[in-house]
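Presented below is the structure to which this report refers.
The values are calculated or read from the model by the stated rules, or taken from the named source; none is laboratory data. Values in this document were obtained by computation on a predicted structure and should not be read as measured data. For neighbour counting, all protein chains shown are included, and Cβ atoms are generated from backbone atoms with ideal geometry for every residue, glycine included.
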Amino acid sequence: MSRFNLSVGTKFLLDGMEHKINSATYDEVVVELTKYKQLKTYKKKELYNEWFEEKLIYEDKVGRALFAKSDINNLSVEEKEEIRIKLKVLDPIIKGKKIKINEHLKMLREKENINICTATFYNWKKIWEVEGVNCLFNGKPGPKNRRTEAEVVETLGEIMEEELYTGEDIPYRQIHRQYKSKIQEINDLRNIDDQVIIRSFQTIWRVIKKKRDRYREMKAREGRVAADLETRWI
């Protein structure tokens, strides 16, 4: 995780959108949503919590690109060949650039002879952001990850439906607390040798990032127009 920093001029991504800090006081900052030129005041503690839960992400174009190259070196020759096209498609994401999805896919078709649909692009993007470059090979996590994810999703599904799409900004720590409480209720009714493992916050956060519907979240919080605009950009 990058170092927490709220100095004037700092840029970061929050809910997938670029923000810039315009001014700061002892306990508050004024932030500009760069796409819409809108200003909003945040408590520093509030943004710290967003950063701690990895909702607030600092841009690190060089670091992410180097990390990708480092991971590729660990792949087999066959995996490298398969992943080359995917990394070409995801190059703007890896470098932290903001682009229009339709224009990007058109450029890939015309200049690189790479023809993929929007759904495929977003699938690769999600795998890159959540699982890392190695999992872009066939888009498959390992067996252990699949078992853990299936187990967590079964329990998290109802909680996510109740909490993520209400329009309120729900801390993911709160979702994790509800998850633990629900697992405890299940375990209270089971034998000691049939207990469900309570997964860490990091595991729960990884699953939420992969399974949540960002359009539904944005629509509930900002309205349909803002959600529609957001899906045109990455």
The residue that is surrounded by the fewest Cβ atoms within 10 Å (Cβ to Cβ), considering only those in segment 22-42 that are touching a helix residue (DSSP H, G or I) at 6+ places or on another chain (Cβ under 9 Å) and not hydroxyl-bearing (Ser, Thr, Tyr), is Asp27
Tally up the residues in segment 50-84 that are out of contact with any helix residue (DSSP H, G or I) (no Cβ under 6 Å at 6 or more places or on another chain), buried (at least 16 other Cβ atoms within 10 Å of the Cβ) and modelled with pLDDT of 70 or more, please.
5
List the strands (runs of 3 or more DSSP E) inside segment 11-60, counting only whole elements, that have at least 1 residues being within 27 Å of Ile208 (Cα to Cα) and aromatic (Phe, Trp, Tyr).
11-14, 38-43, 56-58
Name the single residue, out of those in segment 179-212 being of a type in the set (Asp, Glu) and at pLDDT 80 or above, that is nearest to the chain's Cα centre (by Cα).
Glu185
